[in-house]
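Colleague: Quick one: the structure is below, questions incoming.
The values are calculated or read from the model by the stated rules, or taken from the named source; none is laboratory data. None of these values were measured; they are calculated from a predicted model. Glycine gets a Cβ as well: all are built from the backbone with ideal geometry, and neighbour counts include every protein chain shown.
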Amino acid sequence: MTAQRKTLNAKQVDLLRWVRDGCPEGVYGDDHHRISAAALRRRGFPSISGRGSSWGADLTKAGRDYLDRVEGPDPPIPRQANVSVTQELVDDVIAAGGTLVVPSKSWRDPDSVDYRRRARVAEHLGKVPTGKLFAIRNLPDGNLEIELVSGPTMPGGGKPKPIEVPEKISRYHPAAKSFRDGKDRHEVSRELVQRATRIVHVLSREATARGWEVRAPGRSPDSYGRESWTPSKNGHLAIETEDERFWLRLREGKVRLRGHWEQEAEHHRTVDPDSSWWRDREIPRGPYDANADGKLDLELFCTHYYAYHGRQSRWGDRQRWSLEDRLTDIVLEIETRAAEATRREEEKREAAAEAKRRAEEEARQREVDFKVHLKDAWRLLFEARRAKDLRSQAAAWSEAKALGAYCDAVEAAHGDDPEARRWLDWARGFIEKLDPLDKPPSLPEITEAPEDELQQYMPDGWSVQGPEYPDPRKVRGSFGGRR
């Protein structure tokens, strides 16, 4: 017998039993069971009435019949609970030993899976093991490598402790003071400045407690090389960890950048409103926060933003929560990125050390190989020169032998002629100098040779100048002597 889609899973059966028992208190710690009961109501098993504290559920006849079948002699096989795709990815990575290779998202195929985003969602939903996070790397073959690595661990494990924002603060953090006093950089209304300052203070305090460097944002060069401040490039609060730099931008919906808006307003008062200056510009009317909607948003930026694609970077006021309720998530996100940056930098350091070790090993091996090649080049040069001398002596001996035979023939034919005798005397003297066998031959010694001659006997890619020099035969121009 196989499980059918109409059968319930074990948790749903337990929920029906709980309803049958009168919905006793203390069994479920949250309201998720009410969502499950609502889903079972569509199946006709329980009936639900009321909401909030008056919420209640009763078992229908269909529900009682199903429990009777479950507890009878031939119960239906429980259906396996649905597994979310994010949980499935976490399970697959763990089953693969902590590292899983998956295909990258293809823009050519809109139906392809975005595993990078799926991994980030799994982290955001808390489905990765405690103290772990996903490290995602692009592989040369176009795939993604997803690895489960160590990440920030909250004290005591489990959910992080909520960060409280006090209503009154007696002494602000210096970065919070700078934010409060830097009115020209405000993107919040005057009404919410104090609230925003308290948020900056609390974030600064939490960052300082973790050993991070916290400061007011500075300036950065623009496209013309001039030092300037902008909300997106510098933010309102700067945080630096060991291997990453963050900046946070705090703004309110429909609020202008105060300094720029007021500067434009002042210019509008001194320049004719009908002039061409305002042709393509928005004419400032009213204060910078005239249209403020009262909702704060915080955006997180960092130097290596491309490495955290898919991670949450914006938080703000919503119907169900306020920005203050998300400060713990913001700090945890910075911790996560800082841990990933440290891991990434450590990998770079290890890769650099390994590359240096390999380079040194290759240099030592190249030095050894160079000495072998140079010795072989000298040996080949010796052989070539001696072979040349041998051929030269053999040619001289053959010539001397032929000339001697010629002189013998002349003497036999004209030996009595005085002129012929004088010629023969000179010729035999010349032959005596030409003949190499007038003395015992010896092995010629070679003590030096031009570099270009010796280079001919070096293998491709090697120079007689040393193991660190390129092959001069492959360098455009002259032989390429030492410089």
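Colleague: Of all residues being in contact with a Cys (Cβ under 9 Å, 6 or more places away or on another chain) and not β-branched (V, I, T) in the stretch 424-440, which is farthest from L403 (Cα to Cα)? Just the residue, please. First the steps, then the outcome.
Modeller: Quick first cut of the stretch 424-440, residues in contact with a Cys (Cβ under 9 Å, 6 or more places away or on another chain) only: 424, 427-428, 431.
Checking the rest, the ones that are also not β-branched (V, I, T) come to 424, 427-428.
Details: L424: 11, A427: 8, R428: 9 Å.
The extreme case among them is L424.
Colleague: Now for a different question. Can you find a residue that is without any contact (Cβ under 8 Å) to a residue 40 or more places away in the chain, among the hydroxyl-bearing types (S, T, Y) and either surrounded by fewer than 22 Cβ atoms within 10 Å (Cβ to Cβ) or more than 25 Å from Q263 (Cα to Cα) (or both) anywhere in the stretch 215-223? Show your work before the answer.
Modeller: Step one: filter the stretch 215-223 for residues without any contact (Cβ under 8 Å) to a residue 40 or more places away in the chain, giving 217-223.
Then keep just the ones that are among the hydroxyl-bearing types (S, T, Y); that gives 220, 223.
Applying the additional criterion that residues be either surrounded by fewer than 22 Cβ atoms within 10 Å (Cβ to Cβ) or more than 25 Å from Q263 (Cα to Cα) (or both) yields 220, 223.
Looking for residues that are without any contact (Cβ under 8 Å) to a residue 40 or more places away in the chain, among the hydroxyl-bearing types (S, T, Y) and either surrounded by fewer than 22 Cβ atoms within 10 Å (Cβ to Cβ) or more than 25 Å from Q263 (Cα to Cα) (or both), one finds at least one in the stretch 215-223, hence yes.
Colleague: Continuing with the same structure: Before we move on, is D416 modelled with pLDDT under 90, among the acidic types (D, E) and surrounded by 14 or more Cβ atoms within 10 Å (Cβ to Cβ)? Spell out the reasoning first.
Modeller: On the way: modelled with pLDDT under 90: yes; among the acidic types (D, E): yes; surrounded by 14 or more Cβ atoms within 10 Å (Cβ to Cβ): no.
Against the criterion (modelled with pLDDT under 90, among the acidic types (D, E) and surrounded by 14 or more Cβ atoms within 10 Å (Cβ to Cβ)), D416 does not qualify.
Colleague: Restricting attention to the stretch 333-375, report how many residues are touching a residue at least 60 places away in the same chain (Cβ under 8 Å), loosely packed, with under 15 Cβ neighbours inside 10 Å and either outside any helix (DSSP H, G or I) or among the small types (G, A, S) (or both).
Modeller: Matching residues across the stretch 333-375 total 1.
Colleague: Just for the stretch 250-302: of the residues that are part of a loop (DSSP other than H, G, I, E, B) and acidic (D, E), which one is surrounded by the most Cβ atoms within 10 Å (Cβ to Cβ)? Let's see the steps before the verdict.
Modeller: Filtering the stretch 250-302 down to residues part of a loop (DSSP other than H, G, I, E, B) leaves 253-257, 271-275, 279-295.
Narrowing the set further to residues that are acidic (D, E) leaves 272, 274, 280, 282, 289, 293.
On the way: D272: 9, D274: 8, D280: 6, E282: 9, D289: 20, D293: 11.
This residue is D289.
Colleague: Can you find, within the stretch 303-321, the residue that is surrounded by the fewest Cβ atoms within 10 Å (Cβ to Cβ) among those that are in contact (Cβ under 8 Å) with a residue 12 or more places away in the chain and within 22 Å of S189 (Cα to Cα)? Walk me through it before giving the result.
Modeller: Start the filter on the stretch 303-321 by keeping residues that are in contact (Cβ under 8 Å) with a residue 12 or more places away in the chain, which leaves 303-304, 307-317.
The next check asks that each one be within 22 Å of S189 (Cα to Cα); those that pass are 314-317.
On the way: R314: 11, W315: 20, G316: 17, D317: 19.
Step by step, filter the stretch 303-321, then rank; the result is R314.
Colleague: Looking at (1) assigned to a helix (DSSP H, G or I); (2) of a type in the set (G, A, S); (3) surrounded by fewer than 17 Cβ atoms within 10 Å (Cβ to Cβ), can you tell me which one A175 breaks?
Modeller: Condition (3) is where A175 drops out.
Colleague: Given the structure, is A39 touching a helix residue (DSSP H, G or I) at 6+ places or on another chain (Cβ under 9 Å) and either among the aliphatic types (A, V, I, L, M) or in contact (Cβ under 8 Å) with a residue 40 or more places away in the chain (or both)? Give the derivation first.
Modeller: Values: touching a helix residue (DSSP H, G or I) at 6+ places or on another chain (Cβ under 9 Å): yes; either among the aliphatic types (A, V, I, L, M) or in contact (Cβ under 8 Å) with a residue 40 or more places away in the chain (or both): yes.
Yes; evaluated as a whole, the condition is true for this residue.
Colleague: Out of W378, W397, which single residue is in a helix (DSSP H, G or I), touching a residue at least 40 places away in the same chain (Cβ under 8 Å), more than 60 Å from the chain's Cα centre (by Cα) and surrounded by 12 or more Cβ atoms within 10 Å (Cβ to Cβ)? Even if it seems obvious, please write down each step before you answer.
Modeller: Values: W378 fails: more than 60 Å from the chain's Cα centre (by Cα).
Result of the check over W378, W397: W397.
Colleague: Here's something else I'd like to know. Please state which of the following conditions C407 fails to meet, knowing it meets all the rest: (1) in contact (Cβ under 8 Å) with a residue 40 or more places away in the chain; (2) assigned to a helix (DSSP H, G or I).
Modeller: So the condition that C407 fails would be (1).
Colleague: Does any residue of the stretch 322-329 turn out to be in contact (Cβ under 8 Å) with a residue 40 or more places away in the chain, farther than 22 Å from E123 by Cβ and not in a loop (DSSP other than H, G, I, E, B)?
Modeller: Scanning the stretch 322-329 turns up at least one residue that is in contact (Cβ under 8 Å) with a residue 40 or more places away in the chain, farther than 22 Å from E123 by Cβ and not in a loop (DSSP other than H, G, I, E, B).
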